[in-house]
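Here's the structure, in structure tokens; my notes come after.
Values in this text are rule-based calculations from the coordinates and carry no lab data. Owing to the predicted nature of the structure, the values given are computational and were not obtained by experimental measurement. Using ideal geometry, Cβ is built from the backbone for each residue, glycine included, and neighbour counts are taken over all protein chains shown.
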Amino acid sequence: MSRTAKLSVVLPVHNAQSRIAAEVERVLEALSELTHGAVEIILVDDGSRDATAEVLDELRTRYPQVRIARHNRRLGMEAAGQTGLERATGDLVFIQEDDSPVRLADLRQLYHVGRDETVVAARAQSQLQPSQGPLLRRLKAWGAAAAESLRQDAAAEPIAASSTRGLQMVRRPHLQLLASRSGSHLRLEAEHLTTSQCLTPAT
């Protein structure tokens with residue numbers, strides 16, 4: 001992956017008026033250290049009822065890298081992440097799974113994992129879990145029939161309320177291929193790399 005590849009970061013937010021400005025500045029600074037290419041932050045307002053909408057409009061005015069999407073009612077963080085992925089234009093898209101601060105170590109780790117162009121998607125979290133459900137559901141929602149080849153049925157996998165949230169990375173051009181007619185003939189394989197979980201096309 002080129003150091004000039006475009007990166008997108010999707011941040012779902014809900015009632016985040018007091019903290020989102022500092023988070024955007026922190027993530028933009030981290031992205032500037034990772035790449036010389038274009039970056040964008042997509043803020044998805046998941047039905048906030050405070051002044052989040054006004055704060056996001058100010059951020060969009062202040063930073064040309066910021067884009068905004070809104071849900072008129074609360075649909076949940078996973079739906080907000082999917083909305084952001086659909087709006088993203090980057091080669092690599094990083095999706096925060098909730099509206100807590102991005103763990104920058106996870107962002108850096110996933111960026112380096114993404115330098116391997118065989119990686120379709122990966123997930124990092126500070127506490128290792130066997131669950132790969134959130135990432136697989138993201139691929140299925142995109143329409144990637146190849147995700148069905150994995151043994152685990154992510155749609156049926158329960159998620160504990162106390163489960164640790166993480167950061168996802170998907171390679172957008174690969175998702176487009178997986179969602180195409182020819183993608184139904186591809187298989188994905190999963191492997192664990194320390195605290196990251198990667199999905200790669202099977203050979």
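Residues that are among the β-branched types (Val, Ile, Thr) and either surrounded by fewer than 16 Cβ atoms within 10 Å (Cβ to Cβ) or at positive phi (or both) within the range 48-70 comprise just one, THR61. Within the range 4-28, track down each residue that is farther than 19 Å from ALA121 by Cα, touching a residue at least 60 places away in the same chain (Cβ under 8 Å) and among the aliphatic types (A, V, I, L, M). The answer is VAL13, ALA16, VAL27. Select, from ARG74, ARG70, the only residue that is assigned to a strand (DSSP E or B), among the basic types (Lys, Arg) and more than 19 Å from LEU28 (Cβ to Cβ). The unique qualifying residue is ARG70.
Looking at GLU23, GLU40, just one residue is crowded, with 16+ Cβ neighbours inside 10 Å, closer than 16 Å to LEU107 by Cβ, in contact with a Lys or Arg (Cβ under 7 Å, 6 or more places away or on another chain) and among the acidic types (Asp, Glu), and that residue is GLU40.
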